[in-house]
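What follows is a set of notes on a single structure, which appears directly below.
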Amino acid sequence: MKISATIQDYLDFLKYSLGDDDTSLPDCARRINWQELLKFAQKQSIVGIYWQGIQRLGDHLEDNKPSEDDVLDWMSKVANIERRNKKLDTVAVKVTKEFQNVGYDVCILKGQGNALLYPNPSYRTSGDIDVYIHPHKDGNSSMQNTDTEVKQIIAFCKQHDSSARAIYHHIDFPSVDNVPIEVHYRPSWLNSPINNKKLQQVFAQLLSGKDGRKLIALPYGEGEIFVPTFGFNVVFQLCHIYNHLLHEGIGLRQLIDYYYLLKSQKSSNESKSELNRIIRHCGLAHIGSALSWVLINILGLSEDLVVVTPNERFGKQMLNEMIAGGNFGKYDERKLSGVASSKVMANIHRLIRDTRMAAYYPSECLWEPWFRVWHWVWRKKHN
C-alpha cells in the first residue's frame with residue numbers, strides 16, 4: 001500500500017504536533033483541510049495530539065488558518081476527551097482502592113498510567129481501565145499469579161458478574177460509573193508456547209519486589225494509582241502492540257503511547273541493553289524493530305531513545321497496517337482484513353490476516369491456530 005500525499009501531510013503535521021515549541025512548521029500546514037484532518041485524527045484516536053499542533057500555529061501560518069468553525073469543532077472534541085480522562089482518573093483511583101480493600105495488590109496497566117507521560121495528560125484519548133491484580137502477600141514476593149491464584153481471581157470476578165467469560169489473560173469486571181473494567185491475572189501473552197513461557201517469567205521478574213510498581217499522584221487531584229515501572233512497560237506495551245497488530249489492528253494512539261514512554265526514560269545504556277536482550281529473548285525483536293522505525297521516521301523520536309535497532313521493511317509494513325485500519329483496525333475496508341460481522345467470519349478473516357502477516361512474524365502467525373485450539377480447551381476449564 002502506497003501512502004497518499006494527503007496522508008503523508010497528516011503524518012508530517014503529526015510529527016510537528018509531537019515536537020517541541022521550536023519545531024519548524026511544515027509546508028503541509030498550508031494545504032491541509034482541517035475538517036478532514038479531524039476525521040483522520042478521530043479514526044486514529046489522537047485528536048488531542050493534533051490539537052497541540054493547531055494551538056501552536058499562531059502567527060506561524062498566514063495562509064490556510066483553521067476557521068472559527070474549525071477551531072470550535074476541534075475544541076468540542078478535545079473538551080470531551082478531557083472530561084472522559086477526568087472520569088477515568090476518578091474510576092482508576094476507586095478501582096485501586098476497592099481491590100486493595102479486599103486483599104489484592106493492584107497495578108493499572110496502560111491507560112491512565114500512560115496519560116501521565118504526556119505533556120498534557122488530558123489530551124490522551126482514553127478507553128477502559130485495565131487493572132492487574134495479585135493476592136496480597138507480605139514481603140517482596142513475586143506478583144506472578146499461579147494457576148491456583150488465576151482460578152481464585154476468576155471466581156472472585158464471577159461473584160460480581162456471573163456472565164463474565166475468562167480468557168487466558170483477563171476477565172471483564174462490572175463497569176464502574178459506565179467505565180469498562182478488565183481484570184488481568186496475566187499482563188499479556190504470545191501464541192508461541194515457548195516465547196509465552198519466557199514472557200510470563202519476564203513479567204514476573206519486572207513486576208515483582210518493592211521496585212516493581214510505583215505509586216503516582218494523578219494530575220488533577222483525584223488521588224493516587226499504582227503503575228508499572230519503565231522497564232516493564234517497554235516489554236509489556238511492545239507485546240500489547242504486537243497482539244493488536246496481528247489480531248485486530250493497530251492505530252497511531254498506541255504508538256504515541258510508546259513514543260512518550262521512551263521519551264520519559266532516565267535509563268542508562270546498560271539498562272537499555274538489558275531490555276534489548278529481554279525483547280530478543282521473548283521473540284519480540286521483529287516487532288520492536290518495526291516500532292523503532294515508525295517512531296523515528298514518522299513520529300520524530302530521537303534515534304538514541306529506541307531500545308531495538310529499526311528495520312525499514314518491518315516499519316513500513318506496520319505503518320501501512322495502521323493507516324489502513326485506524327484505531328483497533330475498526331476502519332479497515334480491505335477484503336478479509338480482520339473486521340467481520342460474525343464469529344465464523346471473524347475466524348476466517350483472522351486466518352487470512354495470519355497468512356498476510358506470516359512473512360513478517362512467522363512464529364506468532366504459525367502458532368496461532370494451535371493456540372486457538374488450546375485456548376478453547378483452557379476456556380472450557382476456567383468458565
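The values are calculated or read from the model by the stated rules, or taken from the named source; none is laboratory data. This is a predicted model, so every value here is computed, not measured. So basically every Cβ, Gly included, is an ideal-geometry build from the backbone, and we count neighbours across all protein chains shown.
The residues of the stretch 5-37 that are loosely packed, with under 15 Cβ neighbours inside 10 Å, among the hydrophobic types (A, V, I, L, M, F, W, C) and more than 19 Å from Arg253 (Cα to Cα) amount to a single one, Ala5. Among the numbered conditions (1) in contact with a helix residue (DSSP H, G or I) (Cβ under 8 Å, 6 or more places away or on another chain); (2) not assigned by TED's automatic domain parsing to the domain that holds Ala115, the only one that Lys86 does not meet is (2). Has the stretch 80-91 got any residue that is free of Cβ contacts under 8 Å to residues at least 24 places away in the same chain and over 21 Å from the mean Cα position of the chain (by Cα)? No, the stretch 80-91 contains no residue that is free of Cβ contacts under 8 Å to residues at least 24 places away in the same chain and over 21 Å from the mean Cα position of the chain (by Cα).
Output the qualifying pairs, or none if there are none: Cβ atoms under 6 angstrom, residues six or more apart or on different chains, first residue in the stretch 122-133 and surrounded by fewer than 24 Cβ atoms within 10 Å (Cβ to Cβ), second residue of a type in the set (Ser, Thr, Tyr). Matching pairs, first to second residue: Thr125/Ser45. Identification of helices (runs of 4 or more DSSP H) wholly contained in the stretch 250-302 with 3 or more residues that are buried (at least 22 other Cβ atoms within 10 Å of the Cβ) and modelled with pLDDT of 95 or more yields 252-263, 285-297.
Residues in the stretch 139-178 that are touching a residue at least 40 places away in the same chain (Cβ under 8 Å), in a strand (DSSP E or B) and of a type in the set (Gly, Ala, Ser): Ala166 alone.
Identify the residue in the stretch 166-208 that is among the small types (Gly, Ala, Ser) and within 24 Å of Arg280 (Cα to Cα) and, among all such residues, is modelled with the lowest pLDDT. Show your work before the answer.
Start the filter on the stretch 166-208 by keeping residues that are among the small types (Gly, Ala, Ser), which leaves 166, 175, 188, 192, 204, 208.
Remaining after also requiring within 24 Å of Arg280 (Cα to Cα): 188, 192, 204, 208.
Values: Ser188: 96, Ser192: 96, Ala204: 89, Ser208: 77.
The extreme case among them is Ser208.
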